[in-house]
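Each remark here refers to the structure printed beneath this line.
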Amino acid sequence: MAFDLEHIVDLALFARIVDARSFSEAARRTGIAKSAVSRRIALLEKRLGVQLLRRSTRALDVTSDGARFYEHCVKVLEAARAAEDAVSGSGVRMRGVVRISAPVTFSQMYLAAAVAKFQLEHPAVDVQLTTNDRFVDAVAGEFDLVVRVTRLEDGSFVAKRLASDRLVVAGSPAYLAARGRPLRAEDLVHHQCLHYTLVDAAAEWRFRGSDRKPVALARGAFSANNGTVLKEAMLAGLGLAVLPSFMVASEVRAGRAELVLEGLRRAEIGIYAVVSNARGLPLRVRTLIEHLQRHFADPDWRIPPAPATVRKRTTSRRA
């Protein structure tokens, strides 16, 4: 079978379609009209004599032949990327755009400074940072990199851990002096529990009770869809808040906030750089991820967890 340079373009186009699971998205990413994309793939299938993709109005599936072909396409593209990377350190500066989506508060407190340091080292790389506390689909292709502060469960993407953190329950000294310190999960029924509306309240305030079974009894009169707003409400004395320790570490050290109910829940979370597919990542994206991993290798927000305290009597006061 004759092979020419146009066939290389077809390999890249097919890989883009499989990665995006969409003809429309692949067309958008490559700047080629959707009709032209469909036509090239049809010609590719005719030339190979096999069906690579199964199309329907609702889904795009890869056939077994398509899956095998995709693996070879990726190897070709990785080889091309490696050829570029091999000379990228010999006087050729990294350039291009990195599109990032990240949570609002983490971006304001930590990520912006880390990205600024990266750009000082790589001035030819443009960074577009979009802040959003809502869930952003890392596979959709709108961003090169999505930063998440969470426990990751979905396996449809590739995640690189940037740092570890944990969830804490914090209250202001004035609030705790007035309402008492909760010592058991069951005590929360007597407290104002501020609610982060982008998380289910039952999951947000689920703890292990005195019998080690899950307890979720929280109620509160204030809620918000932003962590900084919840922290400020907590510091003002409105109630208790569940927050990542990076948000309140400085306030705890300064005595403006105190931690309660330590050790009574699964608190570990991670801060991740999420990409749709690690294969074929541009050098600028890989370098930024590596920079962030180094930058957050020893973060200043860590608060050593206190041992769990469970007592028969509690100082909590009823509302």
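The values are calculated or read from the model by the stated rules, or taken from the named source; none is laboratory data. Bear in mind the structure is a predicted one, so any value in this text is a computation, not a measurement. Heads up, the Cβs are rebuilt from the backbone with ideal geometry, glycines too, and the neighbour counts pull from every protein chain shown. The accessibility values were calculated without ligands, DNA or RNA, using every heavy atom of the protein model including side chains. Shrake-Rupley method; radii C 1.70, N 1.55, O 1.52, S 1.80 Å.
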Quiz item: What are the residues whose amide H is under 5 Å from the amide H of G239, where those residues sit 5 or more places off or on another chain and H is modelled from the backbone?
Solution: S172
Quiz item: Which angle from 0 to 90°, rounded to the nearest 10, does the C-alpha axis of helix 245-254 make with the longest principal axis of the chain?
Solution: 40 degrees
Self-check item: Rel. contact order, % - alpha carbon contacts under 8 angstrom, at least six apart, the range 11-125
Solution: 19 percent
Quiz item: According to a simple spin-label model (label point 7 Å from Cα along Cα-to-Cβ), what is the distance in nm between N226 and R134?
Solution: 1.5 nm
Quiz item: Counting only protein heavy atoms and using a 1.4 Å probe, what share of the accessible area of the chain belongs to carbon plus sulfur, as a whole percent?
Solution: 52 percent
Self-check item: Spacing of the two label points (7 Å from each Cα toward its C-beta) at R47 and K34, in nm
Solution: 2.4 nm
Self-check item: Lysine pair number, Cα distance threshold 22 Å (strictly under), the chain, separation 8 or more or different chains
Solution: 4
Quiz item: When only C-alpha pairs under 8 Å and at least 6 residues apart count, what is the relative contact order of the chain, in percent?
Solution: 21 percent
Practice problem: Please give the contour-minus-distance gain from V76 to R151: 0.36 nm per residue of separation, less the Cα-Cα distance, rounded to one decimal in nm. | Solution: 23.6 nm
Practice problem: Scan around I269 for amide H atoms under 5 Å from its own, H built in the peptide plane at 1.01 Å from N, and keep only partners 5 or more places away or cross-chain. | Solution: D165, R166, L167
Quiz item: What angle, in degrees between 0 and 90 and rounded to the nearest 10, separates the Cα long axis of helix 283-295 from the longest principal axis of the Cα atoms of the chain?
Solution: 20 degrees
Quiz item: Over the range 92-207, what is the relative contact order in whole percent, taking alpha-carbon pairs under 8 Å and six or more residues apart?
Solution: 27 percent
Quiz item: How much accessible area per residue does the chain have, in Å², with a 1.4 Å probe?
Solution: 53 Å²
Quiz item: In terms of modelled amide H atoms, which long-range or inter-chain residues lie less than 5 Å from the amide H of L129?
Solution: I100
Quiz item: Taking Rh as the Kirkwood radius, which is the inverse of the mean 1/r over Cα pairs, what is the Rg/Rh value for the chain?
Solution: 1.09
Quiz item: Helix 112-121 sits at what angle to the longest principal axis of the chain, using alpha carbons and giving 0 to 90 degrees rounded to 10?
Solution: 40 degrees
